[in-house]
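Step one of this worksheet: look at the structure below.
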Amino acid sequence: MPDIFYLISKWWKQVILFVAICTVLVLAILLLQTKKYLGEATAIPANTALADKARVFNNNIEALYSSVGTPDELDMILGTAQLDTIYLFQADSFALANYYNISGTNARVKAAQRLHHHTSVTKSGYGELKVKVWDKDPHMAAHLANAIMQKLQSMHQAVINENNISTLASLRLSQQRLMTSFDSSSVQPAWKEALRIKRLEQYEELINDYSLMADSRPLALLTIENARAAIKPDKPRILAITLATFALSFIFALLAILFIEKTRKPGA
């Protein structure tokens, strides 16, 4: 096998030229790219059991509930974050079609797709939900990250609260039917009247409980940190990419001269 130091001493001009051209070319491209700032919001999932009526009105089991949700609940939120609904809503709220200078009949959809492309919703190693948005304006990046987090919050908050709202509607309907059935009858025996009053009181108590639960709207996400405007751009990472280009071009140059030396005929 040819000595690597001998090859470098023989081909050093070509190696330096190749590495310099690659490095300068990549550096020029990076400097011409639009700088992107990162807006990052962080939250953890709330325990969906917080919406359970028993947890609120039974002091004996209240301490058994943790305020932090499970990884499965976080995975469900991550799945929702892939829906186009999230990004179409932000495209309307922030007029992103105008902001991105997109026109035409599908401007709204294209703006939502661009936002989705510049957004990352992931789960950290510590079980946190990370919403990251890159944009040329640091303030807009922060606003969009917070807005996406808030939209995820409101969507899953509505899902969690749906059971209480549905139960409340059923209780009110049953109460109304009970009142109507007794009111439409003639004179009732005393025991039936007592039963009617007792059942109506039970319905009224349950309705009050579920009304409180429906109005409380338990959170689906507990915000740890809202996104803030970044001081310096996050993309492109000029130094890291330039150094990587320098190293890779140097390795490629060495491999190239090794190949040339091995394929060259003796005495050539």
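The values are calculated or read from the model by the stated rules, or taken from the named source; none is laboratory data. Computed from a predicted structure; not experimentally measured. All Cβ positions, glycine included, derive from the backbone under ideal geometry; neighbour counts span all protein chains shown. Just the protein is used for accessible areas: all its heavy atoms, side chains included, with ligands, DNA and RNA removed. Shrake-Rupley method; radii C 1.70, N 1.55, O 1.52, S 1.80 Å.
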Within region 118-138, how many residues are in contact with a helix residue (DSSP H, G or I) (Cβ under 9 Å, 6 or more places away or on another chain), over 16 Å from residue 36 (Cα atoms) and not acidic (Asp, Glu)?
5
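Rundown of residues vs (1) under 24 Å from residue 132 (Cβ atoms); (2) touching a Phe, Trp or Tyr at 6+ places or on another chain (Cβ under 8 Å); (3) modelled with pLDDT of 80 or more, yes/no style:
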| position | (1), (2), (3) |
| --- | --- |
| 155 | yes, no, yes |
| 166 | no, no, no |
| 184 | no, no, no |
| 217 | no, no, no |
| 220 | yes, no, yes |
| 229 | yes, yes, yes |
| 262 | no, no, yes |
Conditions (1) more than 17 Å from residue 36 (Cβ to Cβ); (2) part of a helix (DSSP H, G or I); number of the one not met by residue 115
(1)
Tabulated pairs, region 160-180, first closer than 12 Å to residue 200 by Cα, second part of a helix (DSSP H, G or I) and open to solvent by 80 Å² or more (accessible area, probe 1.4 Å), C-beta under 7 angstrom, 6+ apart or interchain:
178/199
Just one of (1) of a type in the set (Lys, Arg); (2) open to solvent by less than 60 Å² (accessible area, probe 1.4 Å); (3) more than 11 Å from the chain's Cα centre (by Cα) trips up residue 130, so point out which.
(3)
I'd like the full set of residues that are under 15 Å from the mean Cα position of the chain (by Cα), modelled with pLDDT of 90 or more and open to solvent by 70 Å² or more (accessible area, probe 1.4 Å), limited to region 66-112.
82, 83, 84, 85, 89
Considering only region 226-268, state which residues are in contact (Cβ under 8 Å) with a residue 12 or more places away in the chain, under 29 Å from the mean Cα position of the chain (by Cα) and surrounded by 12 or more Cβ atoms within 10 Å (Cβ to Cβ).
226, 227, 228, 229, 230, 233, 234, 235, 236, 238, 241
